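For reference, the structure is listed below as structure tokens.
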Amino acid sequence: MIKHFAIGIVTLAVILSPWVTGGKYELHIATMVAIMGMLALSMNLMLRIGQLSMAHGAFMGLGAYTTALLCMKLNMPPVLAIVIAGLMVGLIAIVLGTIFLRIKGIYFVLLTYAFGEIINLIFQEWVSLFGGNNGLYGVPKLSAFGYRLTDPGTYYLLTVVFVAATYLLIRKIFRSNIGAILDSLEQDEPLSQSLGVNPLSWRIGVFAVSAMLASVAGSLYAFKIGFLSPQAFSFSLSVDLVVMNVVGGALSPIGPLLGALIIVPLPELLRSVKDYQLLCYGVVLLVFLVFFRDGLMGLIKKTQKAAI
Amino acid sequence: MTVQLELRALKKRFGGLTAVNDVSFAVQTGEIFGIIGPNGAGKTTLFNLIAGVHRPSGGSILYRGQDITGFSCDAVARLGIARTFQATHVFKTESVYENLRRAALLARAYNPLALFRHARHTESPAQDERILEISRFIGFDSLLHAVAGTLAYGQQKVLGVGMALMTTPHLVLMDEPAAGLNPSEKRMIGELICRMRDDLGLDIVLVEHDMRLIMDICNRILVVNQGTPIAIGTPDVIKNDQHVIDAYLGVDYEFA
């Protein structure tokens, strides 16, 4: 009871600190942590079904560009644009999934990587629509029900609401019958299939939900930054999402959030030792992969057990 | 008696090797049908063809008059044809109860849409009743909370049968149900299979090595050798068939 209370206080303090200190720069970093946390959670869904997707950067980009273009070219209300972009990306994932998800392991990684690169090339080369490498300028601010969200503090809280909702959704999924089905498929696919379940349809379902979450995170990113360039949605973003899961721990939905909390501000903290930034990054990743396979969450659980 | 499962000139080639060659038979209602043969005779391949693991190279499989040739494992299962495995296959970290519950869940929620369509059946008292019923049937009513991975090998195999029964099948395919069991466990599983036929009204097809078990419980037996059927009939007929004795059991073989 006291433990839960303490965790609640710390969480609230972490969430509110950038809002209270109120610096524009801190708020920007905090908003990015929330958006990346949402993306890391969507990647977590894929990792739980044993599939490493390198297409998530592209899904986020498709969500961001689609939302921005719907608002800019068609004057669509932003909320509607977010929903339409999400549904479109979900549909793309269903189509891709029916082809890609028949294959497990490295080939799925390669296929999603190729898809991500193709999408990124389209962003770069279709200049008249996406603005090419110069980027797409003039994305309007998010507005809903006649209210324009221009204050960075309010926008930060909105992204916190989204990441919290994503967290609760994923926790709910894994504690429900869906979680039991996905776990069964992971534990023993031949047995599960012999009982009547169709593994492909479940993987496609997870892929679609995961892609839709990435798309919504992309929409939030577009409204936050107001400017979109293809580099932000490259292959390395998908890798970052996997790193967040590895560092935080992929076995619980808190893991990717912790990962985002550490990885996103890291380049800012390491600015003074800029030359060694990538080196630090690599060393941290190696240490986690070799010594703490289950990430920080695994480490926390282990120390808890040792204490008892 | 009506035909439940029928194989017509079924063939399976792996490259140059013909593992199953022109196998035809029909399983009748209320029958335990055994398939035997020496190692490498093609029994397991034949089993996997019916279960949907492999796709036949030729011929056809009919179930209750419907052509099911080339159906996937899960499609076959959804028609009411359950299967058990030669090695133990259970969800090892879960309890016996959870294993049985998941079996019913996986059968019902075969894709995401089906889960929502059948949402109201989940956790219903009727399902709980069914879990208790099946656990009593397989003699597991005192083991419901045991973790499946901690059960003895033989018990895990019996749990596998219980999970197959949770899908409410009409026909059960059993891949060497007695493999790895001690004599008393073998007697027990033989008795369980007979009760599945007599009390639950199931049709059963089993592939088996254990001669005593197969002679004791099967109504009819198919003998395959090098992928080709060499005899079919009741245990008495098979015991006295000269082809079987020569080709498979050896000239000096004595039935125990």
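Using C-alpha positions alone, give me the convex hull volume of the stretch A:76-137 per residue in cubic angstrom.
On the way: hull volume 6.4 nm³, N = 62.
In the stretch A:76-137, the Cα hull volume divided by residue count equals 103 Å³.
Per residue of A:180-192, what is the mean number of Cβ atoms on other protein chains within 10 angstrom of that residue's Cβ?
Shielding by partners across A:180-192 averages 5.
For a distance above 14 Å, tell me the whole-number percent of Cα pairs in the stretch A:114-177 that qualify.
So the portion of pairs separated by more than 14 Å is 74 percent.
Report, as an integer, the average count of C-beta atoms from other chains found within 10 Å of each Cβ along B:96-108.
Other-chain Cβ atoms within 10 Å of each residue's Cβ, averaged: 4.
Where does each of B:Arg212, A:Arg148 land when they are ranked from fewest to most other beta-carbon atoms within 10 angstrom?
Result, fewest neighbours first: A:Arg148, B:Arg212.
Calculate the FRET efficiency for A:Leu149 and B:Ser95 from the Cβ-Cβ distance with a Förster distance of 45 Å, rounded to the nearest 0.05.
0.40
Using only the alpha carbons, work out the radius of gyration and Dmax of the stretch B:1-114 in angstrom.
15.9, 46
Provide, for q = 0.26 Å⁻¹, the log10 of I(q)/I(0) from a solvent-free Debye sum over equal Cα point scatterers in the stretch A:240-308.
Those come out to -1.09, one per q.
Return the calculated 222 nm mean residue ellipticity for chain A, to the nearest 500 deg cm²/dmol, obtained by summing -39500 (n - 2.57) across DSSP H runs with n ≥ 4 and dividing by the residue count.
Details: 15 runs with 235 residues, N = 308.
Estimated from H runs of four or more residues: -25000 deg cm²/dmol.
Roughly how far apart, in whole Å, are the Cα centres of the stretch A:285-308 and the stretch B:217-233?
Each part's Cα centre sits 56 Å from the other's.
In debye, nearest 20, what is the charge dipole magnitude of the protein assembly as shown about its Cα centre with +1 on Lys and Arg Cβ and -1 on Asp and Glu Cβ, if you could check? Before the final figure, lay out each step's value.
On the way: 44 positive and 39 negative charges, 351 e Å.
It works out to roughly 1680 debye.
Hey, what angle do you get for helix B:153-166 against the long axis of chain B, alpha-carbon based, 0 to 90 degrees rounded to 10?
It is inclined by approximately 70 degrees.
Considering the dipole of the protein assembly as shown built from charges on the beta carbon (Lys and Arg +1, Asp and Glu -1) around the Cα centre, which of A:Leu110, A:Gly8, B:Thr93 is farthest to its positive end?
A:Gly8
Once phi is turned into θ = phi - 60°, what whole-Hz ³J(HN,Hα) does the Karplus curve with 6.51, -1.76 and 1.60 give for every residue of the stretch B:204-211, x standing for Gly and Pro?
10, 10, 10, 9, 8, 9, 6, 5
Return the inverse of the average 1/r over all pairs of distinct C-alpha atoms in the stretch A:2-232, which is the Kirkwood hydrodynamic radius, in Å to one decimal.
Evaluated over the stretch A:2-232, this radius sits at 18.8 Å.
What order do you get for B:139-145, A:177-183 when each peptide is scored by the mean count of other beta carbon atoms within 10 Å, highest first?
Going from most to least packed, we get A:177-183, B:139-145.
Could you work out the per residue convex hull volume over the alpha carbons of chain B, in cubic angstrom?
Looking at chain B, the number lands at 136 Å³ per residue.
Just rank A:Trp19, A:Trp202, fewest to most, by other beta-carbon atoms within 10 angstrom.
Final ranking by Cβ density, sparse to dense: A:Trp19, A:Trp202.
Rounded to the nearest Å, what's the spacing between the alpha carbon centres of the stretch B:109-187 and the stretch B:49-75? Just the number, please.
24 Å
Principal axis extents for the protein assembly as shown, Cα atoms only, whole Å, descending order, please.
92, 58, 47
What is the count of Lys pairs in the stretch A:2-232 whose alpha carbons sit under 18 Å apart, if the two are 8 or more places apart or on different chains?
4
Once the Cα gyration tensor of the stretch A:168-245 is found, what semi-axes does its equivalent ellipsoid get, as square roots of 5 times the eigenvalues, in whole Å, sorted largest first?
In descending order the semi-axes read 32, 14, 11 Å.
Excluding residues on the same chain fewer than 8 positions from B:Lys157, give the lysines whose Cα lies under 27 Å from its Cα.
Correct list for B:Lys157: B:Lys43, B:Lys92, B:Lys186.
We did not get these values from a lab; they are worked out from the coordinates using the rules stated. Keep in mind the model is a prediction, meaning the values are calculated, not measured. We place every Cβ from the backbone using ideal geometry, glycine too, and count neighbours over all the protein chains shown.
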